[in-house]
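So the structure is just underneath, and the comments pick up after that.
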Amino acid sequence: MNRQSGLHEPVLAGIVTALVGFTSSFAVVLAGLRATGATPEQAASGLLALTAVVGLGIVLLALRYRIPVTLSWSTPGAALLAGASVPAGGWPAAVGAFLVTGLLVVLTGAVPWLGSLVARIPQHLAQAMLAGVLLPLCLAPFQSLGTIPLLVLPVILVWLAASALVPKWAVPLALVAALAVIGLQLARHGTVIDPSSLTPAPVFTLPVLEPAAVVGIALPLYVVTMASQNLPGVAVLSSFGYRTPWRPALAVTGVGTAVVAPFGGHAVNLAALSAALSAGEGAGEDRDRRWIAALTAGFSYLLLAGASGALVVVVGAAPAGLVEAVAGLALIGTMATAVTASFSDAQGRMSGAVTFLLAASGLSVLGIGGAFWALVGGLAVRATLERPTARP
């Protein structure tokens, strides 16, 4: 009886980890893939591939190391893509950039100095870049109030009420509200969905290495994934007394990213915020059994992969602006954290502001998006205006 009670908590925590991780951000993933040129079928393939490889990677690491290490797709990376534009070379070039991102993650685990180089990027600049990228997406819910108020307002009200009562379920419940609105709209217009379209199917795209896409997509995607997901993921596990298997984790996530890139997956990484659901006390008092929560989360992701096709079809039938509103609500908390970190250092506020504004501007030069130029501009301002004064 005690043993069953001991297993009940980590199993439930694992299911919650997967459900929250998936439902709170899959709309952001779809928006990011579509923004970089994916067709609805290719975006659905990307979500399927990401969900499956996240599940497999968690199962592998949990069984091997017996600690509650969990993975996720890069939500900040997807947000970065959503704020970008179709690169030169189209969707195949974007897929090539995803492949390069995976290889860079693998190299980071294999070559120690590369990880040190990423860690030397001022954290407030990485966060400012992320905040700037997120700004247009977080405006979407409120902009939609002017175009489809009767559809968006119920979703926002559900999100607001849930944020006050059950914060971790706020975005999933907002998604449920959005799906209910979509269902009512479909019924109202008599739209019939073909059942055969609900089954997810992988779509292969031959990657193309386009220099502008590598610089404008792969490098910012790599930086934001490392700075906003992998490094915080290590910190979250450490806060609960677990040591992350750094190199194996980067190998699994990097190889996983490279494998799913031709099928539309943009980036896989260590989970950050959702990691606490499997590693914390909610997964049981026995710390030695919390790895079961991670294992359960992995299997839950594999089950969710089967439902990804149906969600994509339903979301694709949504009125324009509704899904973007849900994605924006999902990112408000992340943006608030990023903005706070961007301007927390009084001596670095000018470089943080320049980085934030460049990232939010939508600037594109030589086919390279604003996220890259935001980092370049922020580093230039930091080097010229914020150099530490020499001691006498």
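Looking only at residues of segment 281-299 that are farther than 15 Å from Leu63 by Cβ and assigned to a helix (DSSP H, G or I), we find that the one that is least open to solvent (accessible area, probe 1.4 Å) is Ala283. Checking Gly21, Gly32 one by one, the residue that is open to solvent by less than 20 Å² (accessible area, probe 1.4 Å), modelled with pLDDT under 90 and not aromatic (Phe, Trp, Tyr) is Gly21 and no other. Out of the residues in segment 362-392 meeting the condition of being assigned to a loop (DSSP other than H, G, I, E, B) and polar (S, T, N, Q), tell me which one is modelled with the highest pLDDT. Only one residue tops the list, namely Ser364. In segment 300-310 there is no residue that is open to solvent by 10 Å² or more (accessible area, probe 1.4 Å), among the aromatic types (Phe, Trp, Tyr) and either in contact (Cβ under 8 Å) with a residue 12 or more places away in the chain or under 19 Å from Ala13 (Cβ atoms) (or both).
Of Ala52, Ala44, all but one fail to be open to solvent by less than 40 Å² (accessible area, probe 1.4 Å), on the phi < 0 side of the Ramachandran plot, at pLDDT 95 or above and not β-branched (Val, Ile, Thr); the exception is Ala52. Please enumerate the residues belonging to segment 240-290 that are basic (Lys, Arg) and either closer than 28 Å to Leu12 by Cα or without any contact (Cβ under 8 Å) to a residue 40 or more places away in the chain (or both). Within segment 240-290, Arg243, Arg287, Arg289, Arg290 qualify.
Of the helices (runs of 4 or more DSSP H) that lie entirely inside segment 62-176, those containing 3 or more residues that are surrounded by fewer than 24 Cβ atoms within 10 Å (Cβ to Cβ) span 90-110, 112-120, 123-144, 149-165. Within segment 325-344, being surrounded by fewer than 24 Cβ atoms within 10 Å (Cβ to Cβ) and at pLDDT below 80 holds for one residue alone: Thr334. Residues in segment 281-317 that are at pLDDT 90 or above and polar (S, T, N, Q): Thr296, Ser300. What's the total number of residues in segment 231-280 that are modelled with pLDDT under 90, part of a helix (DSSP H, G or I) and within 17 Å of the chain's Cα centre (by Cα)? The number of residues fulfilling the criteria is 8.
The values are calculated or read from the model by the stated rules, or taken from the named source; none is laboratory data. Note that the coordinates shown come from a computational prediction; the quantities given were computed from them, not determined experimentally. Note: ideal-geometry Cβ built from the backbone for every residue, glycine included; neighbour counts use all protein chains shown. These area figures cover heavy atoms from the full protein model, side chains too; ligands, DNA and RNA do not enter into them. Shrake-Rupley method; radii C 1.70, N 1.55, O 1.52, S 1.80 Å.
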